[in-house]
Amino acid sequence: MEFNMEWYRVFYWTAKFGSLTKAAERLHITQPAVSHTLKQLEASLGGLLFFRTTKGVTLTTEGEVLFKFVEQAIHFIEIGEKKMAEMQELMYGEINIGASDTLCKHYLLRHLEQFHKEFPDIKIRVTNRTTPETITLLKEGKIDFGIVNLPTSDPNINFRISSPQQDCLVGNHDYAALAEKPFPLEELHQYPLLLLEPGGSTRNFLDEFAISHGVRLKPEFELGSLDLLVQFAQSGFGLSFIVRNYVTEELSSGKLVEIPLTPPVPERHVGIATLKGVPLSAASKRLLEFLP
């Protein structure tokens, strides 16, 4: 049997009012149209749903059973419509974001704080993953959008360029003499090097940059987070590449010293990744407006 929602809407309002005329007025159709629709539904179900009386119509026993279920269905539809309206007005909803620990701390957090102040009823879930893992989550439909390190590419994903990032070479005060003049990239092998673990977009970017200039980066320490890189560099374990904006305090206080590398690392950007052909929720669209 083919389901026809319009038939059940006519049935519901006729039962609710006990009148074909009132049901027609509520549905903005003619009384004959109501009568015809009810006959189609009865024929489809194989039984009478109403007794016709001089005062209107009354549900049969079978009609009363059906009405209980239809009433629940209509009620759930009304709830769904209300929830959807609330979501459009950002009174309700949930946003799932993918981002690395670093991008979450240094880029996303301040924008989430502003959004949450304006829309406190929107739930936000952040899944911390590397850029490649974030892209995988996005393609699997497990997040609404991702905050990633560019450059990266995927034919199924749109990438919007956001804030610029400039990687710089840093060390603690033990390496201050290296900051007095441009430091050649090819001499980096003479000093202990700290890098993020392989597999992430930042490590790939730095490796490719060095290789493009005939240098292979050989770190003595491979660490799992930017915070560890900063701590190890401050403690004198070696030199490291870190985005300048992420260590402004350390540089201004002298805990870290920037060493002018030649050639310099190219500028890159934070990217906002969304899946092609998949519409975003109203809440996600609004949050993206907060991201530069």
Query - Within the chain, longest stretch clear of exposed GluC sites (Glu not before Pro) (DSSP loop, no more than 13 other Cβ within 10 Å) - result: 3-88
Report summary line: Here, residue 215 and residue 17, labelled 7 Å along Cα→Cβ, have an inter-label distance in nm of 8.1
Query raised in the report: Given a 1.4 Å probe, how much area per residue of segment 93-229 is accessible, in Å²?
Result: 52
Query - Segment residue 51-residue 253, length gained on full extension (0.36 nm per residue, minus Cα span) - result: 64.0 nm
Query - Residue among 3, 182, 240 farthest towards the positive dipole end of the chain, charges placed on Cβ - result: 3
Query raised in the report: Taking Cα pairs under 8 Å and at least six residues apart, what relative contact order does the chain come out at, in percent?
Result: 21
Report summary line: Note, segment 172-188: 3J(HN,Hα) by Karplus (6.51, -1.76, 1.60, θ = phi - 60°), whole Hz, Gly/Pro = x, goes 7, 4, 5, 9, 4, 5, 5, 7, 6, 8, x, 9, x, 4, 5, 9, 4
Query raised in the report: Hey, got the dipole for the chain? About the Cα centre, +1 on K and R Cβ, -1 on D and E Cβ, debye to the nearest 20?
Result: 1300
Report summary line: Heads up, the chain by the C-alpha gyration tensor (a ≥ b ≥ c square roots of eigenvalues; a/c under 1.5 rounded, else a/b over b/c prolate, else oblate) looks prolate
Report summary line: Highest GNM mean-square fluctuation among 79, 242, 95, for the chain with Cα springs under 10 Å, belongs to 79
Query raised in the report: Placing +1 at every Lys and Arg Cβ and -1 at every Asp and Glu Cβ, with all other atoms neutral, what dipole size does segment 3-159 have around its Cα centre, in debye to the nearest 20?
Result: 360
Query raised in the report: 222 nm [θ] for the chain, helices only, -39500 (n - 2.57) per DSSP H run of 4+, per residue, to 500?
Result: -12500 deg cm²/dmol
Requested in this report: May I ask you to give the percent of accessible area on segment 1-135 that is carbon plus sulfur, with a probe radius of 1.4 Å?
Outcome: 56
**Report entry** Heavy atoms of residue 278: accessible area, 1.4 Å probe, square angstrom to 10
**Finding:** 80
Query - Contour excess over end-to-end distance, with Cα ends at residue 69 and residue 207 and 0.36 nm allotted per residue - result: 43.4 nm
Report task. Express the carbon and sulfur contribution to the solvent-accessible surface of segment 140-237 as a percent, rounded to the nearest whole number, probe 1.4 angstrom. Result -> 49
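The values are calculated or read from the model by the stated rules, or taken from the named source; none is laboratory data. Just so you know, these numbers come straight off a predicted model, no measurement behind them. Cβ: placed from backbone, ideal geometry, glycine included. Neighbour counts: every protein chain shown. Areas reflect the complete protein model, heavy atoms only, side chains present, ligands, DNA and RNA absent. Shrake-Rupley method; radii C 1.70, N 1.55, O 1.52, S 1.80 Å.
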